[in-house]
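This report concerns only the one structure given below.
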Amino acid sequence: MKARNGLTRFFNCYILRESRIIKEELWIRDGKIVNPEEVFYVEKVEPDVSLDCDGLLIAPGFIDIQINGGWGVDFSYDSENVEEGIQKVAKELLTHGVTSFCPTMVTSDKEKYSKILPKIQKKQGSKHGATILGVHLEGPFICLARKGAHTPELIKNPIKGIDSLLEMYGSLENVVIVTLAPELPGAVEAIKSLSQRGIKVALGHSEASLAQAEEGVRQGANLITHLFNAMLPFHHRDPGLVGLLASTTDKQVYYGIISDGIHTHPAALRIACRTNREGLILISDAVAAQGLPDGAYRIGPQAVSVENGWAYIAGTKTLCGSTMALDRCVKTFKEATECCLEYALETASLHPARALGIDNIKGKLDYGYDADFVFLHPKTLEVQSSWIAGEKDMCSQRSEQNDCLISDGDHEIADRSSWNNGFRARGLVLVSLAPRNLRRRRAAVKAKQLHLIIKF
Ligand SMILES: [Zn+2]
């Protein structure tokens, strides 16, 4: 019997590669995407498993760089059971095609940071949950006048630069993004120090002029937090943070934008993507109510009321984030801007990967990249399943029937538990083909190796 090599081949699928959707096979092994030609002709190895994708679209897994919580969990509030909360959200996110995320903490007090931050460790994802890329800290070094949903009493100036941040947060070990207002005293020095440490700086909750924003970018900032929200509105004599979209600074500036049909008008979405196409990143900015019905929730120290899917600080009409996961933001964005599907998908995958500097391993379906991807219906864009590090997520297997059939007597390729854990797809119909059938189906496949064909 031939030893298993862990090679899986997806066929009869469309994939997003080099900004184009093409009909091509996708081969993976050991959690990475591999080059089929190299494997087949050089290594002379054939896949253990072939999966018939029935015309589905495979896109890189979505990356959400700003998410406050979901499914009842608020990352800024629940300090006693942080790991459980993070894991719960990480697991649920896979059902929305999100394979990596940055748990986001809003303005909090020192005690909360010291309790919560050490417990949100960066973590490689698996079929049990999305990858935790690191924390996004939004505040407290923001502009009081543009506080949005942040608690005014807790907002601070970073007077001592990076030392003010270290004093407040305790440690920056698990942090990948800090949102701050560049016009505050000490902010420029803080931006410089954060950038030197490899932490991305996002400008937001700010009244910065364009000149102040550009100085922030020169010092290392490369992101804008939820464009249009919690900043000066566009003014033609001083366009403020919004002006960075058409700034003459050398560097590409990325900007998060909430495309939930509530936070940003469709015309504003169109203005943004037509002005700075490469910089656009879809974020959910989702709160604890994500995935749950209207009701009472929290964001950090504040009570939240969700009515008809709109999340407000309780007793006010101040929006405090969305209730929509990133897969739906992609759909809303595509409809609002009438952009091509390739671009819509890249705004939630390639662009955030580039902004974080991880586009050498994530955000694409290129050879050597992490096998993090999402199966989508090509027309409706409904998520069919997510795969992370080459494993199919457990969530989309829950509802399946335990009815797999393996009908070959000579080759033991996968036992029942492997199927249940790894390969079973939604609405599974499993057919085990005899070698002669395989020859007919794909001339290159040698007869001795049994291939299992799974139909979605
Ligand atoms: Zn915000």
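The values are calculated or read from the model by the stated rules, or taken from the named source; none is laboratory data. Keep in mind that what you see is a predicted model, and the values were worked out from it rather than measured. Every residue, glycine among them, receives a Cβ derived from its backbone with ideal geometry; neighbour counts consider all protein chains shown.
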Check on Gln212, surrounded by 20 or more Cβ atoms within 10 Å (Cβ to Cβ), farther than 20 Å from Cys273 by Cβ and either aromatic (Phe, Trp, Tyr) or touching an Asp or Glu at 6+ places or on another chain (Cβ under 9 Å) (or both)
yes
Selection within segment 75-88 - crowded, with 24+ Cβ neighbours inside 10 Å and either part of a strand (DSSP E or B) or free of Cβ contacts under 8 Å to residues at least 40 places away in the same chain (or both)
Gly85
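Residues are listed down the side, and each one gets a yes or a no for (1) among the β-branched types (Val, Ile, Thr); (2) more than 16 Å from the ligand (Cβ to nearest atom); (3) over 18 Å from Phe373 (Cβ atoms); (4) not in a helix (DSSP H, G or I):
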residue: Tyr312; (1), (2), (3), (4): no, no, yes, yes
residue: Thr316; (1), (2), (3), (4): yes, no, yes, yes
residue: Met324; (1), (2), (3), (4): no, no, yes, yes
residue: Asp327; (1), (2), (3), (4): no, yes, no, no
residue: Phe333; (1), (2), (3), (4): no, yes, yes, no
residue: Cys339; (1), (2), (3), (4): no, yes, yes, yes
residue: Tyr343; (1), (2), (3), (4): no, yes, no, no
residue: Ala348; (1), (2), (3), (4): no, yes, no, yes
residue: Pro352; (1), (2), (3), (4): no, yes, no, no
Which residues, taken from segment 125-145, are assigned to a loop (DSSP other than H, G, I, E, B) and either within 14 Å of the ligand (Cβ to nearest atom) or under 13 Å from the mean Cα position of the chain (by Cα) (or both)?
Gly125, Ala130, Leu133, Gly134, Gly139, Pro140, Phe141, Ile142, Cys143
Mind listing whichever residues of segment 137-175 are among the aliphatic types (A, V, I, L, M) and either over 17 Å from Ile313 (Cα atoms) or at pLDDT below 95 (or both)?
Leu137, Ile142, Ala149, Ile159, Ile162, Leu165, Leu166, Met168, Leu172, Val175
In segment 152-169, is there at least one residue being buried (at least 24 other Cβ atoms within 10 Å of the Cβ) and over 13 Å from the mean Cα position of the chain (by Cα)?
yes
Only listed residue being in contact with a strand residue (DSSP E or B) (Cβ under 8 Å, 6 or more places away or on another chain), assigned to a strand (DSSP E or B) and in the same structural domain as Leu356 (by TED's automatic domain parsing), chosen from Ile281, Ile262:
Ile281
Mind checking whether some residue in segment 59-74 is closer than 14 Å to Gly134 by Cα, within 16 Å of the ligand (Cβ to nearest atom) and assigned to a loop (DSSP other than H, G, I, E, B)?
yes
Can you tell me which condition Thr337 does not meet? The list is (1) out of contact with any Cys (no Cβ under 7 Å at 6 or more places or on another chain); (2) closer than 14 Å to Asp260 by Cα; (3) among the polar types (S, T, N, Q), and all the others hold.
(1)
